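Here the structure comes first, spelled out in structure tokens, and everything after it is commentary.
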Amino acid sequence: MKNMTNSLIKFKDLHWSYGENLVLDGITSTISQGKFTSIIGPNGSGKTTLLKHIFRLLPVDSGHVFLNTKDINAYSRKELAREAGLVPQNEKGLYLFTVKELIKMGRYAHTGRFSRETKHDRDVVTESMKMTSTLHLQDKIITELSGGEFQRVIISRALAQEPRILALDEPTTYLDPHHQVEILQLLKKLISVKKISVICTLHDLNSTLAFSDRTLLLNHGRIQHVGSPESVLTAEIIKKIYNLNAVIMKNPLTGKSMVAIDNTLGD
Amino acid sequence: MKTIKSNSHSLHIVMFIVLSLVLCLALLVFLSFGTAEISFRETIRIISGGIFSRTFSEDINQSHIYILWQVRMPRVIISILVGMALAAAGTVFQAIFRNPMSDPFILGISSGAAFGVALGAVTGFMVLIPGIWGLPISAFVGAIIATLLIYFLSGKMQTSTSSLLLSGIAMNFFLSSLMSMLLYFNRDRIENIIFWSMGSFSSANWDKCLIGLPIILLGILSLFYFRRELDLLLIGDESARTMGLSLKRVRIILLIISTLITAAAVSISGIIGFVGLIIPHIIRMIVGPKHRVMLPYAILAGGFFTLCADTFARSILPSSEIPVGIITSLAGAPFFIYLLRNKRREIL
């Protein structure tokens, strides 16, 4: 394998502002291959914006984003879609497509205008549905799904793009604890089985500690800390960034680190 | 709510052929309706005589031949064409603006086309263009300006229903005042101008068929080339782009095609409202939103709807007729209110 350089995405001095508001203030970092990378930080710290820049959804003010060492502007939309799939936070699902129809649309970047659907296309779609346990939902209409089901369907659609990178924007925010664990377990499985690199913005510090391999902590549009989740989420850093009193302890069930938070605000 | 399973591809083909035959049959039956009493049997004889032998037997009334071939035939063909055009354009506008309340009439694009034609006729711009094409070109210029204004007024992307509808209302107000001004300064040509703002097929002739047929058919056919892009547009801008859609380019091409189709329809029939709102909506509810499947049905249903509306408009009163635009609005306005009050106004 030639592509073992390990650097999959590279941000170089990335700036982006929304009106007068500087959202990304010089992001320089790399995201490596085959791992669960979590991006955390307070509301408005620039997590979602950073994720969108991987997909060229926003014009860059200054700086660069590289994907496989190639500038992201050198990719066509379809090429980009074959490299990376996004599970956005704000997709409302206000359409009457069936689950299978929607997931099949993930094949758009792989099929020419006049080419018919191949066996490979069908296999990828079925496989994506199996991975996300949505096969039994395939003839249901999107508006009939529950929140957790819809989230899995959107992941399945992104998987149908056969991407090497799967990016998710707060995929667990609106889910109950059971479905949160279900989604995060699924992402772990995708990394080990399909060798996909996962990049995921998260709010929940304990999920971050339990599931990620590497964590980027953003605040005010800058990367404040980066490294293993245990090294990033210390009591001191949590106090500084979130202004909360926290204790790091061992989760008695998993043996991994977990955060306990005092129910008063910092000061 | 259940929709017909989309994997039943051959079922859809059979259904489509059956419905096309039903449309042809309806066309034949409706040809025999009208002020002059021509029986269905006589209609069949005159139509088949005209198509197959180009001669008619002695016992057939000559004026009936004229009425059927020069008056009613172009009229039913145009009414079908215009319905198809409006249903197709409505489908595309709903996808482009990702909004089920879009329709060329509600957005003011039909009014733009009508104003273009009226202005072209009054200023003599139309005379500058040779042949019959001055009409559709004036309509297209008016319609494309209205389309671009709506596009920028409503905030380009991810248009909320209210901002889109308000832009449409503003556009319609603006154009109707321009139209009044035009009427005021050209009182001698009121008849001519007012025709475009009140849709009707009463002046249908073969020349108008010749204008509408190629533009509308080619426009509709080219939409099938973009069927997958239309599907992706329903998903939403950001998701569609991450799935590989070149959003800006596709949106502009589709805007031009659907505006062209609308302009062609308006230039041969004036403004006929709500067809582009009702038909795509009902068809999506029955077969789902996938354009490869729903677009052919929507086009057939649109043609059938205006054919019926026009037949009703010209045969309900014994001696005169009602403009067909009034009939479609009578059906469309309550539907519009139903959509507004319903949760479904968000769902495509």
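The values are calculated or read from the model by the stated rules, or taken from the named source; none is laboratory data. Owing to the predicted nature of the structure, the values given are computational and were not obtained by experimental measurement. Note that each Cβ is placed from the backbone with ideal geometry, even for glycine, and that neighbours are counted across all protein chains shown.
Could you tell me whether residue A:146 is surrounded by fewer than 18 Cβ atoms within 10 Å (Cβ to Cβ) and without any contact (Cβ under 8 Å) to a residue 60 or more places away in the chain?
Details: surrounded by fewer than 18 Cβ atoms within 10 Å (Cβ to Cβ): yes; without any contact (Cβ under 8 Å) to a residue 60 or more places away in the chain: yes.
Yes, satisfied.
In region A:1-105, which strands (runs of 3 or more DSSP E) lie fully inside it and hold 2 or more residues that are exposed (fewer than 14 other Cβ atoms within 10 Å of the Cβ)? Step through it out loud before you land on a result.
On the way: elements: A:7-18, A:21-32, A:36-40, A:62-67, A:84-87.
Of the strands (runs of 3 or more DSSP E) lying wholly inside region A:1-105, those with at least 2 residues that are exposed (fewer than 14 other Cβ atoms within 10 Å of the Cβ) span A:7-18, A:21-32.
Within the set of pairs 6 or more residues apart or between chains, which connect a residue that is in contact (Cβ under 8 Å) with a residue 40 or more places away in the chain and at the interface with another protein chain (Cβ under 7 Å from one of its Cβ atoms) inside region A:83-103 to a residue that is hydroxyl-bearing (Ser, Thr, Tyr) and part of a loop (DSSP other than H, G, I, E, B) with Cβ atoms less than 9 Å apart?
A:96/B:3; A:97/B:6; A:98/B:3; A:98/B:6
What is the residue count in region A:181-206 for residues that are over 12 Å from the mean Cα position of the chain (by Cα) and buried (at least 21 other Cβ atoms within 10 Å of the Cβ)?
The number of residues fulfilling the criteria is 1.
Please find, among B:292, B:341, the residue that is free of Cβ contacts under 8 Å to residues at least 24 places away in the same chain and of a type in the set (Lys, Arg).
B:341
Out of (1) within 14 Å of chain A (Cβ to nearest Cβ); (2) at pLDDT 90 or above, the odd one out for residue B:251 is which?
Among (1) within 14 Å of chain A (Cβ to nearest Cβ); (2) at pLDDT 90 or above, the lone unmet condition for residue B:251 is (2).
Can you name every residue in region A:104-138 that is within 14 Å of another protein chain (Cβ to nearest Cβ) and among the polar types (S, T, N, Q)?
Selection gives A:111, A:115, A:126, A:128, A:138.
Can you name the helices (runs of 4 or more DSSP H) wholly within region B:1-116 that have at least 2 residues being of a type in the set (A, V, I, L, M) and more than 14 Å from chain A (Cβ to nearest Cβ)? Give the steps one after another, and end with the answer.
Numbers: elements: B:9-31, B:40-48, B:62-66, B:73-96.
Answer list for region B:1-116: B:9-31, B:40-48, B:73-96.
Given the criteria in contact with a helix residue (DSSP H, G or I) (Cβ under 9 Å, 6 or more places away or on another chain) and at the interface with chain A (Cβ under 10 Å from one of its Cβ atoms), does residue B:244 qualify?
Numbers: in contact with a helix residue (DSSP H, G or I) (Cβ under 9 Å, 6 or more places away or on another chain): yes; at the interface with chain A (Cβ under 10 Å from one of its Cβ atoms): yes.
Against the criterion (in contact with a helix residue (DSSP H, G or I) (Cβ under 9 Å, 6 or more places away or on another chain) and at the interface with chain A (Cβ under 10 Å from one of its Cβ atoms)), residue B:244 qualifies.
Each row is one residue, and each column tells you yes or no for (1) loosely packed, with under 15 Cβ neighbours inside 10 Å; (2) touching a helix residue (DSSP H, G or I) at 6+ places or on another chain (Cβ under 9 Å); (3) away from chain A (no Cβ under 14 Å); (4) at positive phi.
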site: B:281; (1), (2), (3), (4): no, yes, no, no
site: B:287; (1), (2), (3), (4): no, yes, no, no
site: B:291; (1), (2), (3), (4): no, yes, no, no
site: B:305; (1), (2), (3), (4): no, yes, yes, no
site: B:309; (1), (2), (3), (4): no, yes, yes, no
site: B:314; (1), (2), (3), (4): no, yes, yes, no
site: B:318; (1), (2), (3), (4): yes, no, yes, no
site: B:328; (1), (2), (3), (4): no, yes, yes, no
site: B:340; (1), (2), (3), (4): yes, yes, yes, no
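From the list B:247, B:221, which residue is under 30 Å from residue A:165 (Cα atoms) and surrounded by fewer than 24 Cβ atoms within 10 Å (Cβ to Cβ)?
Working: B:221 fails: under 30 Å from residue A:165 (Cα atoms).
Unique residue meeting the criteria: B:247.
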